[in-house]
Amino acid sequence: MGNLMGSWRYKEPSTVEECDSTWETDSESDELQPGGEEEDSGISESMSPADAVRDAEHASLLCCSSTRMKRSFYAAKDLYKYRHSYPNYKEPRRLNEYRNLRFYLNKIPLVPDGIYIEEILTKWRGDYEKLEHNHTYIQWLFPLREQGLNFYAQELTQDEIKEFQSTREAKRRFLLAYTIMLDFFGIKLLDKNGNVARAPNWQDRFQHLNESQHNYLRITRILKSLGELGFESFKLPLVRLLLEEALVEGTLPNMRHSALEYFIYTLRQHRQRRALLRFAQRHYQPPENFIWGPPKKKRIPASGSTGMKSGKNEVVEKSVGKARSPREGRNLEREADDMDDRKSGEWKTAKGSKVLQEGRGRVDLEEYIETIPL
């Protein structure tokens, strides 16, 4: 059995579309699988930390570029791996020392600085210079099952995650660390449900956050760690607030791309990602550059249907039977209904050559794409 399982290989995703299942389903009952993971299609592959960091830094610069943006494959792959609970992850063979848990129990200091968690919680709050320029603490405060830039920090394991989630003192300190970072960003935690709002110091801190884009990497790590350590529900309020500030209030315009490309995709529930993306699409400027929405597909109206809106998507017909007039040809142009007003906006696509039978003739479409609301 061991050899059989050892020979199993995951299929590595090769496109953004293979990594992103946000718009694939309309079912609101299949959002979370046991353990909190997204439904797993069994395709995942680890990416190097260097690739993730390089792509994140590159993505943050794209918001200022005059060229049209494209979805980042490395970002999509990294977040796919996270949402599916690292299905191809091999835990280290060394003895699990639970170093992250012991750090949060104040039994060992973070390495290499030799600082204990209680010192951070009691002395670092409001010390924005230290929080900004020290780059070794973030991997200890918000551990993940992936290697960060501090190679002294140990990756989480499944067993350690279970122990952490069942240890009240560790979770208490984790939330305190979260509030310290929120304050550093200009945000305050309102309640035990994870709701957040602007802090009294929000103006100065937002200005700093808008200009210090390396902190967007920290936010992505914090969101991931919240989900790993039992606070998945805390992610949605934070991402929603950051989107509002970036897209509506205009206080964090440099964060737009990171929020859309990274922060939203840390959410494991399809429904939550779709709601945030629809919100973002309503406020994104220029709207034609919004690249995170449901794919625009072409559809052919059912025979005898009326009242459908004309749109930009064209259906090119080739007459096989009786010739059609230009007016009749134009009547075949249709656009998908606006899914924002519906409960869900998912689409399934079926590509191929289709033959439509109508009362006055036969239409053969070589590249027909049917859009079917689920």
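Computed over protein heavy atoms with a 1.4 Å probe, the accessible surface of the range 70-289 works out to 42 Å² per residue.
Shape annotation for the range 70-289: C-alpha extents along the principal axes are 52, 40, 29 Å, from largest to smallest. For the range 70-289, the carbon plus sulfur part of the accessible surface works out to 48%, probe radius 1.4 Å.
Among 130-140, 270-280, the peptide with the highest mean count of other Cβ atoms within 10 Å heads the list, and the full ranking is 270-280, 130-140. Go ahead and run the numbers for FRET between Thr15 and Thr122, Cβ-Cβ distance against an R0 of 41 Å, rounding to 0.05. Result of the calculation: an efficiency of 0.30. Extending 7 Å from Cα along the Cβ direction at Lys188 and again at Glu244 yields two label points whose distance is 1.5 nm. Ordered by solvent-accessible area of protein heavy atoms (1.4 Å probe), largest first, the residues Leu175, Leu229 come out as Leu175, Leu229. Ranked by the mean number of other Cβ atoms within 10 Å of their residues, highest first, the peptides 82-89, 281-288, 199-206 fall in the order 82-89, 199-206, 281-288.
The values are calculated or read from the model by the stated rules, or taken from the named source; none is laboratory data. Just so it is clear, the model here is predicted, and its values are computed rather than measured. All Cβ positions, even for glycine, are placed from backbone atoms using ideal geometry, and neighbour counts span all protein chains on display. For accessibility, only protein heavy atoms count, side chains too; no ligands or nucleic acids. Shrake-Rupley method; radii C 1.70, N 1.55, O 1.52, S 1.80 Å.
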